[in-house]
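Student: For reference, the structure I am asking about is given below.
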Amino acid sequence: MARDSREFQALLRVHEGLPRQGPGSAEATELALSLLPPLRRQAKIYDLGCGPGLATIVLAKKLQRKIIAVDLTPEFIEQTSTNAEEKGLSHLIEPRHGDMIELDDQPESIDLIWSEGAIYCVGFDNALHTWRPLLHSSGIVACTELSWLTSTPSSKALEFWQAAYPAMRSVKENILRAEQLGYARINHFTLPDSCWWDEYYSPLLHNTERLASESKDDPVLARAVANARAEISLFHECSREYGYVFYLLQKSDITIERAQIDDSQDIARVLRTSFSAALPFISILHTRYEDFNYVRDQLFPTNQIFVARDAGCNVIGYIAFNDERINHLYIDPAATRQGTGTRLLNIAKLHNCKLRLWTFQKNENAQRFYQARGFYPIKETDGSGNEEHEPDILYEWKADLYR
């Protein structure tokens, strides 16, 4: 939609005076900031799709560093500049009129890209793909995106959002896509309902009431008013089904994606090398050829499998799980201590509300790893039930009620 179109002008009028261009709050911005790792001293920071600059103000106050605030709408840039002056933060905020995916910065020069309620304008995948080369080696993207919070949304919610935002996906799908695009998930959280009502829907509803009489003679404005009211009504009924989710993502040379059958040989290699290195007290019971056949003919047909690849696309780790059980999690010994095991484990957590796994009692490193990530022991055996006849421990993890 063109920025000077009648539809867009009507949309601006319906949203006139709103403190934000979408759901959010200063508290949500501050929470997201608190979850980030430390930034470099001379960090370069952007707030892209800044709208009237509410998040920009919070960023400048909390970080006490220069924030480059970019938006394609001149009215928003003017408001951001005014807000910065009123808060005494003009020295820390540089408003720029421009496109959020047409930055002219040098590769690997940006430390933090912030974008609240705006990434949908250019597409979640498109934005992450476009921004990644510009990010420093440890650069971060912090963005909010409208996401499904359930795998079974009501027909009413599904019909509305398929028309209004067909690209909308689940939290799980967005995180998996970010992993495929070369980002590690630092954290994510769903914005509370108050972020929608307090600073977005309440003033939006007020605007629709104010414009009601005028919209009778303006079909374009009438459509914008009707759409706003329909969205407010839908959220009132279906707020547990969808919401804005804050995604905190860090650039990584390791990508995670769903495994293909052609990966069987590489997975078998990681299985053998990792097992031998981590469990030297266990005798090797199978040949490498048997490992390959097992992965291809037994593991793939019965498991969801995800692989981690390095910058050269080499498989350096994998996880296999089914029926709330992790059957394999192995990392190449040469690629440990890079957070890959945690990222693969998080993929399984995204797919399940409960997980169980076995580990040998002698494997103290594995026990420490799983316990640090929310697993707790629920059963010990003498090992008579496993192929190696080695005493083992059953661990379990349960998701929080809301995640």
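Student: Restricting the search to segment 92-122, which residues are over 21 Å from Glu27 (Cβ atoms) and of a type in the set (Phe, Trp, Tyr)?
Tutor: Matches in segment 92-122: Tyr120 only.
Student: Next up: Name the residue that is most open to solvent (accessible area, probe 1.4 Å), counting only residues in segment 37-90 that are part of a helix (DSSP H, G or I) and of a type in the set (Val, Ile, Thr). Explain how you work it out, then say what you get.
Tutor: Initial filter on segment 37-90 (part of a helix (DSSP H, G or I)): 54-63, 74-86.
In the following step, the residues that additionally are of a type in the set (Val, Ile, Thr) were identified as 56-58, 77, 80, 82.
Details: Thr56: 0, Ile57: 14, Val58: 14, Ile77: 22, Thr80: 2, Thr82: 58 Å².
Once the filter is applied, the top-ranked residue is Thr82.
Student: Mind listing just one residue for me: the one in segment 240-251 that is out of contact with any Pro (no Cβ under 9 Å at 6 or more places or on another chain) and open to solvent by less than 20 Å² (accessible area, probe 1.4 Å) and, of those, farthest from Thr336 (Cα to Cα)? Outline the logic, then answer.
Tutor: Here is the first cut: in segment 240-251, the residues out of contact with any Pro (no Cβ under 9 Å at 6 or more places or on another chain) are 240, 245-249, 251.
In the following step, the residues that additionally are open to solvent by less than 20 Å² (accessible area, probe 1.4 Å) were identified as 245-249.
Values: Val245: 30, Phe246: 29, Tyr247: 25, Leu248: 23, Leu249: 21 Å.
The qualifying residue farthest from Thr336 (Cα to Cα) is Val245.
Student: A further question follows. Before we move on, is Glu199 more than 22 Å from Ser151 (Cβ to Cβ) and part of a helix (DSSP H, G or I)? Walk me through how you get there before you give the answer.
Tutor: Numbers: more than 22 Å from Ser151 (Cβ to Cβ): yes; part of a helix (DSSP H, G or I): yes.
Yes; evaluated as a whole, the condition is true for this residue.
Student: Tally time: how many residues in segment 108-145 are farther than 13 Å from Tyr183 by Cα, of a type in the set (Gly, Ala, Ser) and under 15 Å from the mean Cα position of the chain (by Cα)?
Tutor: 4
Student: Another question, then. Residues in segment 296-308: is at least one of a type outside the set (D, E, K, R), within 28 Å of the chain's Cα centre (by Cα), within 28 Å of Ile378 (Cα to Cα) and open to solvent by 50 Å² or more (accessible area, probe 1.4 Å)?
Tutor: Yes, some residue in segment 296-308 is of a type outside the set (D, E, K, R), within 28 Å of the chain's Cα centre (by Cα), within 28 Å of Ile378 (Cα to Cα) and open to solvent by 50 Å² or more (accessible area, probe 1.4 Å).
Student: Moving on to the next point. Looking only at strands (runs of 3 or more DSSP E) that lie completely in segment 276-384, which have at least 2 residues being in contact (Cβ under 8 Å) with a residue 24 or more places away in the chain, within 23 Å of Ala184 (Cα to Cα) and of a type in the set (A, V, I, L, M, F, W, C)?
Tutor: 304-309, 315-322, 325-331
Student: If you don't mind, another one. Consider segment 203-232. How many of its residues are surrounded by 13 or more Cβ atoms within 10 Å (Cβ to Cβ), free of Cβ contacts under 8 Å to residues at least 24 places away in the same chain and among the hydroxyl-bearing types (Ser, Thr, Tyr)?
Tutor: 1
Student: Mind counting the residues in segment 91-116 that are part of a loop (DSSP other than H, G, I, E, B), β-branched (Val, Ile, Thr) and crowded, with 22+ Cβ neighbours inside 10 Å? It would help to see each step written out before you state the result.
Tutor: If we filter segment 91-116 for residues that are part of a loop (DSSP other than H, G, I, E, B), which is where we start, we get 91-92, 98-109, 116.
With β-branched (Val, Ile, Thr) added as a condition, the list becomes 101.
Pick out the ones that are also crowded, with 22+ Cβ neighbours inside 10 Å and you get none.
Count: 0.
The values are calculated or read from the model by the stated rules, or taken from the named source; none is laboratory data. What you see is a predicted model; the values in this text were computed from it and never measured. Glycine also receives a Cβ, built like all others from the backbone with ideal geometry; neighbour counts cover every protein chain displayed. Please note that ligands, DNA and RNA were not included when accessible areas were found on the heavy atoms of the full protein model with its side chains. Shrake-Rupley method; radii C 1.70, N 1.55, O 1.52, S 1.80 Å.
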